[in-house]
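Asks: The following block contains the structure, expressed as structure tokens.
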Amino acid sequence: MTQEAVTLTIDGKEVTVPKGTLIIRAAEQLGIEIPRFCDHPLLEPAGACRQCYVEVEGQAKLFTSCTATVAPGMAVRTQNSSEVVHEAQVANLEFLLLNHPLDCPICDRGGECPLQDQALAFGPGESRYVEAKRTFEKPIPLSPLVGLDRERCVLCARCTRFCDQISGDRFIELFARGAGERVSIAAGEDFLSPFSGNTIQICPVGALTATPYRFVARPFDLSSVDTVCPHCSAGCNVKLDVRRGKVVRHLARDNLDVNDAWLCDKGRFAFRFPDDERRVTIPLLRDRGLEPTSFGEVMDAIGDWSRGKRVAFLTGGRLADEDAYALSKVARTAFVTNDLDHRREFAGGEAERLAAVAVTDRALSVTYRDVERAKAIVVAGLDAEQEVPILHLRLRKAARRGARIFVLNPRRTRLWDVAEHVLCRPGQEAHVLEQIVDGEGGDSGVGRAADALREAGEAGVVLAGMRLAEHPLAADVALRAARRTGARFSLVPRRAGDKGALAAGVHPRLLPGGRRVDDPGERAEVEAVWGELKNVVPGRNAKQILEAAANREIDVLFLVGVDPLRDFPDARLARHALENVPYKVVQSLELGSLEPFADAFLPAAAFPERDAHFTTWEGRAQRIRPVRGPAGLSRPDWEIFAGLARAMGGSLGFESLEDLQEESVGLLSPRAFSGGASAWVGAGAPQWIDELTLFTYPLLVDEGRLSEGASELKAALEEKPFLEIHPVDADKRSIADGGEVRVRTQAGQAVVPVRVTPDIAEGSVFVPFNQPGLAANTLLSGRFTAGATVEAVAAAEAAADPERLTVGGGP
Amino acid sequence: MDPRRAGGRGVTTDRIITRNWGNPDVFHVDGYVANGGYAGLKKALAMAPEDVIELVKGSGLRGRGGAGFPTGVKWSFVPQDTGKPTYVVCNFDESEPGTFNNRELVDREPHQLLEGLAIAAYAVRCHNAYIYVRGEFLHQGTIVRRAVEEAYDRGFLGKGICGSDFDLDVVPHRGAGAYICGEETGLLNSLEGFRGQPRQRPPFPAVEGLYASPTVINNVETLCNVPHILENGADWFRGFGTAKSPGTKVFSVSGKVERPGNYEVPMGTPFRVLLEEHAGGVLGGKALKAWTPGGSSTPMLTAEHLDVGLDFESLQAAGSLLGTGAAIVLDETDCVVEAARRLLAFYAHESCGKCTPCREGTWWAVRVLSRIEEGLGRPEDLPIMNDLGRNILFRAFCPLADGAVSPITSTLTYFREEYEAHVREGRCPFTGSGPGRRIEEVAS
């Protein structure tokens, strides 16, 4: 499609825009703001509020500029140059205010309300309406997060259109008609969309309000900062509002390259963790107990423990890019170890190395825009809605624009209405992807996916989620499928710090920029900046580190923003490791379940307290900014690492963030990548040894650290533990939907409520990773999948079972 | 037998589509066929579809649902190369206050409608047609359904109609009771199972209508004319009515008249003829006060307009519209404020709620009119009513709101003194209801 240009005048000023542009958008190009309520640039036009009237020369009737498209030579006059338009807008505002309660002084929206602003700017000063106003019951909780005040509603349908067109979660709808028309929800239903908060933000009045923000602040009470959401690798741009030092609200910022204008409910409502009462903001050192002390003393103690000893580092996904770089350097230079890892899955392989390089060179990666414009997309091993929610919205947007989407996952995702799903048992992904590589599959989902990718060519995209990292080289086969069909490829990690940590080399085999530690040439590039590396043998990955720790082969274990007891897919191994390492150093916001184990605690600054960057799944580094200083004595992680280097008698070579960034930019700039040959030689259909394959991944809202204090979010969206099983597998075991089952693995067993559903691959069972009452890592042995047996539990037995929802011993 | 009901097919009268109303046999398919029915369809099937469109174009037939768009032209707008199916939808959502001619056309001769529908479908190469029946028309819904069954049984619908290779399925669909579903895009939404709210135009239904496919939407009375045009030709049809408004129109006459009912008269017939010769004059010999030419959505006219011809052009020149051809007659004892209040209450109730001027404007108008009628009006209420008319007209999403303005502006134009009397006297001069004092006095 060629973009034909159209030239017209608005208020006498000439503007040229692509054919099909709405008048209201063309006016924006000229900086002319036409009043509006229902119009939203990312939603389809509604023409409902009628506020955006303009006059078009030669036309008797006024036009609504949000529905009328431009035409060549059109002469448009807005309220700025047409008295008729101005009067019509004033009259329409009078209509809108007839039944509006005018309760601005107690409305959460007061001070940042488009209706209030416009009424103030040009509305009638006094109402001519003397009759009784329409009243509704209020507020109505649509969910524990969203309250509805129908009296304030102007029926612009932004919220319902968002749910219909953007999130696809059509929980709310307009009901009834005339002046009785109202936003409503089916009786007994909750607004269970993980994107529900967006409807609050785009509401042009105070009709939809956020329970966590209800009566909390006025806009002029807030200090704000533009930053980036720390919850996942989506990298949504957010505005952080702080009142008297406390974070009270996250709002989405517009960025069409990243999150459009949206934010998931976790990013919006899980904002209390920096102010959680369990947070520790002073250094602690174990004497008789964990005693408060100074950074100097702790650093000295750690230096004493570590000199000449075997040291290992594990990190979580919270670290910013600069922290990861400092850690990568301090571990290898000061502590002379390659035993460091940010991962829990074990991708390895070419796809991961490519991902590490691609972080610095976006020509090798995929962007949101690529997804949006793609003609064919294969999403493998990724439940985007739960893991990278804004990517999920982008996939839906692509579908609306005509993309064909195929999801390869053991469990059906919420793309079910716009994508074709190929459900495959965990472990089978590589084999299925190989069919795409070989162009096999015929008239099946796989065959159609292969055809679609081939037809799309460069407009094809393959997204590999962390489920693929579970299987040896599955991600590599996905990469090969992309290469074979000409599609773009990206590995999509879940957590905000993952891509940055990968690029920085918080990895046993990879140095910054994806350089291999055992490749002399690549290593030399790093040594040119860091000095000679004394340890050139690839280190242990996370699992091997814990195993070594359990075998007393590690002397000092750094746990940086990670709790292996909760995060690592083998709770027992994690416990053995902690019990057998002489010194455990915890660097985090809080101690949590590590309190009995920690020998030293280093308080880290939370993301609203510091300057740094997070890198999105695409490889886009985005700046986070402080809205307040570090709490207590806490420090940014990179500063702590610099201090550790000094304690070890060395130096990281940078004393400021600017110096760090200047140093790292050389190592993290684009460089050529030549993919080595993969060891993959053909999978063949897998043979199952186990009766069933248990798999697990974290749902969006769970017991994760950064969701602490988000009580309303959890009340709305956190699910109780459950186990999903296919009807065929359930029938064989006389398992009925809604009952309880006992699941056994080599690691442990648990009794959980069961859901029998065809939305899971046969032979697989799913439990969420970390819901309240069941830590799934007690069922795992180092991987996120495990062989399992499942049996029905009689109701009476279940009630009497003391191990209900808990872990038992071995099988 | 009532002389108005005399005649039969082929009998030359001034009537076309009601000429068989004296013959109860035409209700069923056998009687309809025995009376010459479905001949027009057979004639059409022997022609090329394009020629059928040309013939209807040539007849000058204009849509009878209110807008008066030339029917043949509408059919010719349907693109034939989209790769999508084409639909014909009959709009039988007759809900305009004062209008009941579609209902009687179906009550008496449902196959006339089906024949017209089949011809329209053939002309635009449609194989799936729908009849959208007003939700409240329970009985008519049954009649349509049974007539469709009869037509299928006799091969006038279904596969290979009348031995031709033309297939047509017709699905009657009953609405859920909403005036807005008479608006064609609201109707399409309702037919698709969505909320009955109008859609943005463009795209127009001819290009993207039902299920985003090319769609023709015609009123019942429009389609009823089609078989006769096929049978007798365009020139014959142009023999009725005026040059720009050919044919006849079935007028529903109600209110204060001696003989309320439906009367088919040639377009251009003066209202005086319809009122006095057909409807028997104003009830009880009282004086005519006001009348609507085309239902409640058309501006009221008065006794001074008695000789205005009932056709699109003449009525527009007189400041009103032909609309659906429904004359509601008010006599000298009727209060126009009360009449306006009742009509506005209808529009406020039927407003779909989508857009602001209609939803809020009708709500406000009802309240102000109610106050005035109850003797609680204030002098400043009249400017408010004026403003309401101005601020709603042509500002809403769809024409429903424009219809709601008609009773306001026309009564203010012709009967402003009556409003002022209500306010001045603090009561309704006709019913006497109200405190009888100015509201300020009541308050003090």
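Asks: Among the candidates A:Cys159, A:Cys229, which residue alone is within 30 Å of A:Leu491 (Cβ to Cβ) and in contact with a strand residue (DSSP E or B) (Cβ under 9 Å, 6 or more places away or on another chain)?
Replies: A:Cys229
Asks: Kindly indicate whether A:Arg158 is open to solvent by 10 Å² or more (accessible area, probe 1.4 Å), basic (Lys, Arg), touching a residue at least 40 places away in the same chain (Cβ under 8 Å) and in contact with a helix residue (DSSP H, G or I) (Cβ under 7 Å, 6 or more places away or on another chain).
Replies: yes
Asks: Here are some conditions: (1) in a helix (DSSP H, G or I); (2) open to solvent by 10 Å² or more (accessible area, probe 1.4 Å). A:Ala481 meets all but one. Which one does it not meet?
Replies: The number of the failed condition is (2).
Asks: While we're looking at this one, here's another question. Do we have B:Tyr122 as assigned by TED's automatic domain parsing to the domain that holds B:Leu41, open to solvent by 40 Å² or more (accessible area, probe 1.4 Å) and not β-branched (Val, Ile, Thr) here?
Replies: no
Asks: Can you tell me which residue within the stretch B:327-355, out of those that are crowded, with 23+ Cβ neighbours inside 10 Å and touching a Pro at 6+ places or on another chain (Cβ under 8 Å), is nearest to B:Ser410 (Cα to Cα)?
Replies: B:Ala340
Asks: Quick check on my filter: what residues within the stretch B:302-318 are touching a Pro at 6+ places or on another chain (Cβ under 6 Å) and buried (at least 16 other Cβ atoms within 10 Å of the Cβ)?
Replies: B:Gly309, B:Leu315
Asks: Could you check the stretch A:14-60 and list, in sequence order, the residues that are touching a residue at least 24 places away in the same chain (Cβ under 8 Å), surrounded by 15 or more Cβ atoms within 10 Å (Cβ to Cβ), over 21 Å from B:Asn391 (Cβ atoms) and of a type in the set (D, E, K, R)?
Replies: Residues satisfying the conditions do not exist here.
Asks: Restricting the search to the stretch A:114-129, which residues are open to solvent by less than 50 Å² (accessible area, probe 1.4 Å) and either within 15 Å of A:Arg214 (Cβ to Cβ) or over 38 Å from the mean Cα position of the chain (by Cα) (or both)?
Replies: If the condition is that a residue be open to solvent by less than 50 Å² (accessible area, probe 1.4 Å) and either within 15 Å of A:Arg214 (Cβ to Cβ) or over 38 Å from the mean Cα position of the chain (by Cα) (or both), then A:Phe122, A:Gly123, A:Pro124, A:Tyr129 are the ones that fit.
Asks: Does A:Leu602 satisfy the condition of being in contact (Cβ under 8 Å) with a residue 40 or more places away in the chain, part of a helix (DSSP H, G or I), crowded, with 20+ Cβ neighbours inside 10 Å and not charged (D, E, K, R)?
Replies: No, not satisfied.
Asks: Now a separate question. Name the single residue that is nearest to the other protein chains (Cβ to nearest Cβ) among those in the stretch A:77-90 being surrounded by 22 or more Cβ atoms within 10 Å (Cβ to Cβ) and out of contact with any Asp or Glu (no Cβ under 7 Å at 6 or more places or on another chain).
Replies: Per the criteria, the residue is A:Ala88.
Asks: Answer yes if at least one residue in the stretch B:158-176 is under 21 Å from B:Asp402 (Cβ atoms), open to solvent by less than 20 Å² (accessible area, probe 1.4 Å) and assigned by TED's automatic domain parsing to the domain that holds B:Ala39, and no otherwise.
Replies: Within the stretch B:158-176 (the criterion being under 21 Å from B:Asp402 (Cβ atoms), open to solvent by less than 20 Å² (accessible area, probe 1.4 Å) and assigned by TED's automatic domain parsing to the domain that holds B:Ala39), the answer is no, since none of the residues qualifies.
Asks: Let me ask you something else. Taking the conditions exactly as written (more than 14 Å from every other protein chain (Cβ to nearest Cβ), among the basic types (Lys, Arg), farther than 30 Å from A:Ala48 by Cα and in a loop (DSSP other than H, G, I, E, B)), does B:Arg427 satisfy them or not?
Replies: Spelling it out, B:Arg427 is indeed more than 14 Å from every other protein chain (Cβ to nearest Cβ), among the basic types (Lys, Arg), farther than 30 Å from A:Ala48 by Cα and in a loop (DSSP other than H, G, I, E, B).
Asks: Count, please, the residues in the stretch A:734-761 that happen to be touching a Lys or Arg at 6+ places or on another chain (Cβ under 7 Å) and part of a loop (DSSP other than H, G, I, E, B).
Replies: 4
Asks: Also, quick follow-up: When only residues in the stretch B:356-408 that are open to solvent by less than 10 Å² (accessible area, probe 1.4 Å) and not in a helix (DSSP H, G or I) count, which is nearest to the other protein chains (Cβ to nearest Cβ)?
Replies: Only one residue fits best here, namely B:Gly377.
Asks: Of the numbered conditions (1) of a type in the set (S, T, N, Q); (2) at the interface with chain A (Cβ under 9 Å from one of its Cβ atoms); (3) within 30 Å of B:Leu275 (Cα to Cα), B:Thr333 satisfies every one except a single condition; which is it?
Replies: In the conditions (1) of a type in the set (S, T, N, Q); (2) at the interface with chain A (Cβ under 9 Å from one of its Cβ atoms); (3) within 30 Å of B:Leu275 (Cα to Cα), B:Thr333 misses (2) alone.
Asks: Just to be sure before I move on: is A:Gly58 of a type outside the set (Val, Ile, Thr), within 30 Å of A:Asp11 (Cβ to Cβ) and within 14 Å of chain B (Cβ to nearest Cβ) in the structure I sent?
Replies: So A:Gly58 does not fit the description; no.
Asks: Looking at the stretch A:61-76, which of its residues are open to solvent by 40 Å² or more (accessible area, probe 1.4 Å) and either among the acidic types (Asp, Glu) or within 12 Å of chain B (Cβ to nearest Cβ) (or both)?
Replies: Within the stretch A:61-76, A:Lys61, A:Phe63, A:Thr69 meet the criteria.
Asks: Could you tell me whether A:Gly206 is in a loop (DSSP other than H, G, I, E, B) and either of a type in the set (Val, Ile, Thr) or without any contact (Cβ under 8 Å) to a residue 24 or more places away in the chain (or both)?
Replies: No.
Asks: Which pairs do you get when a residue that is under 21 Å from B:Cys398 (Cβ atoms), found in the stretch B:61-72, comes within reach of a residue that is open to solvent by 30 Å² or more (accessible area, probe 1.4 Å) and assigned to a loop (DSSP other than H, G, I, E, B), reach meaning Cβ atoms under 8 angstrom, with the pair 6+ apart or on two chains?
Replies: Filtered contacts from the stretch B:61-72: B:Arg62/B:Phe69; B:Gly63/B:Phe69; B:Gly66/B:Leu321.
Asks: Sticking with this structure for a sec: Can you give me the number of residues within the stretch A:113-159 that are within 14 Å of chain B (Cβ to nearest Cβ) and among the β-branched types (Val, Ile, Thr)?
Replies: Within the stretch A:113-159, residues that are within 14 Å of chain B (Cβ to nearest Cβ) and among the β-branched types (Val, Ile, Thr) number 3.
Asks: Could you say whether any residue in the stretch A:526-536 is open to solvent by 40 Å² or more (accessible area, probe 1.4 Å) and within 27 Å of A:Glu458 (Cα to Cα)?
Replies: Checked the stretch A:526-536: no residue is open to solvent by 40 Å² or more (accessible area, probe 1.4 Å) and within 27 Å of A:Glu458 (Cα to Cα).
Asks: Could you pull out the residue among A:Val56, A:Val17 that is β-branched (Val, Ile, Thr) and touching a Phe, Trp or Tyr at 6+ places or on another chain (Cβ under 8 Å)?
Replies: None of the others qualify; the one that does is A:Val56.
Asks: If you don't mind, another one. Return the only residue of A:Glu420, A:Glu434 being assigned to a helix (DSSP H, G or I), among the charged types (D, E, K, R) and surrounded by fewer than 24 Cβ atoms within 10 Å (Cβ to Cβ).
Replies: Checking each option against the conditions leaves just A:Glu434.
Asks: Inside the stretch A:97-112, can you point out the residues that are over 19 Å from A:Ala179 (Cβ atoms) and out of contact with any helix residue (DSSP H, G or I) (no Cβ under 7 Å at 6 or more places or on another chain)?
Replies: A:Pro105, A:Ile106, A:Cys107, A:Arg109, listed by residue number.
Asks: Further question: Given A:Arg400, A:Arg318, A:Arg425, A:Arg344, which one is under 23 Å from A:Thr227 (Cα atoms) and open to solvent by 10 Å² or more (accessible area, probe 1.4 Å)?
Replies: A:Arg318
Asks: Something else now. Quick one: count up the residues across the stretch A:161-182 that are open to solvent by less than 30 Å² (accessible area, probe 1.4 Å) and away from every other protein chain (no Cβ under 11 Å).
Replies: Going through the stretch A:161-182 one residue at a time, the tally reaches 9.
Asks: Please go through the stretch A:509-540 and pick out each residue that is out of contact with any helix residue (DSSP H, G or I) (no Cβ under 8 Å at 6 or more places or on another chain), closer than 15 Å to A:Arg353 by Cα and not acidic (Asp, Glu).
Replies: Answer for the stretch A:509-540, where residues must be out of contact with any helix residue (DSSP H, G or I) (no Cβ under 8 Å at 6 or more places or on another chain), closer than 15 Å to A:Arg353 by Cα and not acidic (Asp, Glu): A:Arg509, A:Arg523, A:Pro538.
The values are calculated or read from the model by the stated rules, or taken from the named source; none is laboratory data. These numbers come from a predicted model, not from an experiment. Neighbour counts run over all protein chains shown; Cβ positions are idealised from the backbone, glycine included. Just the protein is used for accessible areas: all its heavy atoms, side chains included, with ligands, DNA and RNA removed. Shrake-Rupley method; radii C 1.70, N 1.55, O 1.52, S 1.80 Å.
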